Amino acid sequence: MNIVVLVSGGGTNLQAIIDAINNNTIRDTKIIEVVSNNQNAYALVRAKENNIPAKCISPREFDTRDDFNSALVEEMDRLSPDLIVLAGFLVNIPAEMVKKYPNKIINIHPSLIPSFCGKGYYGLKVHEGALARGVKITGATVHFVDEGTDTGPIILQKAVEVQPDDTPEVLQRRVMEEAEWVILPKAIDMIAHGDV
Ligand code: GRF
């Protein structure tokens, strides 16, 4: 199964996928390209370090968002992946891309959807919301991407305990280590083997 991974930041989820392919936790799968909207994303460095083709397609390079959207869709059509993985990708996916790749785009969200998701809930804001609400359990969710924000069918979830003295940063790290980096590779392997 050929996958494209879309990233915006540090790329720890991308790294988890790379490591899982290398240790055969993810079978029969190849990352054919990493695409970032942010040219400074460390995720691009991780791709290059692992000899994976990587490129930046940034909204800043285009006069309009529509032009950016078209460029992103054209790149996907050029690669024609079996699966597109959003791994910390912070740009809205063009509706055209969702239509062209039904149930072929998955996203990792750092909460137990439907809690702390949707507009405005990304990165640390998700964990700030969980701590502000005082939940005892949070976690991560892998879901198919539909035209909404964090609204597509849920594939996997994994719970993580919130500790009393957690800061948003500490909680984010625990959710990444104990949940995101586990269920994203697992979901990819399941899809590669028709188990979803
Ligand atoms: C993190 O907030 C993670 O929870 C979410 O995207 C952000 C960056 O992840 N999925 P990564 O380190 O770039 O994979």
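The values are calculated or read from the model by the stated rules, or taken from the named source; none is laboratory data. Treat the numbers as computed from the prediction; the structure is a model and nothing was measured. Neighbour counts are summed over all protein chains in view; Cβ atoms, including those assigned to glycine, are modelled from backbone coordinates with ideal geometry. To get the accessible areas, we keep the full protein, side chains included, count just its heavy atoms, and leave off ligands, DNA and RNA. Shrake-Rupley method; radii C 1.70, N 1.55, O 1.52, S 1.80 Å.
Some notes on this structure:
- Debye intensity ratio in log₁₀ form over the Cα atoms of the range 1-85, taken at each q of 0.13 Å⁻¹: -0.40
- Taking each of 30/186; 158/186; 55/100; 99/125 in turn, the alpha-carbon distance tops 18 angstrom for 55/100; 99/125.
- Calculated FRET efficiency, residue 159 to residue 22, Cβ-Cβ distance, R0 = 22 Å: about 0.20 to the nearest 0.05.
- Alpha-carbon Debye profile of the chain, log10 I(q)/I(0) at 0.11, 0.17, 0.19 Å⁻¹: -0.47, -1.14, -1.40
- Linear extension gain, residue 56 paired with residue 100, 0.36 nm per residue minus alpha-carbon span: 13.7 nm
- Contact order relative to length of the chain, as percent, for alpha carbon pairs under 8 angstrom and 6 or more apart: 21
- Of the listed residues 115, 8, the order by accessible area with a 1.4 Å probe, largest first, is 115, 8.
- Using a probe of 1.4 angstrom and keeping all protein chains present, the accessible surface of the range 1-58 works out to 43 square angstrom per residue.
- Principal axis dimensions, largest first and in whole angstrom, of the range 119-196 by Cα: 41, 26, 16
- Carbon/sulfur fraction of accessible area - the chain, other protein chains in place, 1.4 Å, %: 48
- Each listed q (0.20 Å⁻¹) maps to a log10 I(q)/I(0) for the range 80-151, found by the Debye formula over equal Cα scatterers with no solvent: -0.80.
- With eigenvalues of the C-alpha gyration tensor scaled by 5 and rooted, the range 44-127, Å: 22, 17, 15
- Distance between the range 13-65 and the range 142-161 - C-alpha centres, whole angstrom: 21
- In a fully extended conformation the segment linking residue 136 and residue 77 would gain 16.9 nm over its present Cα-Cα distance, using 0.36 nm per residue.
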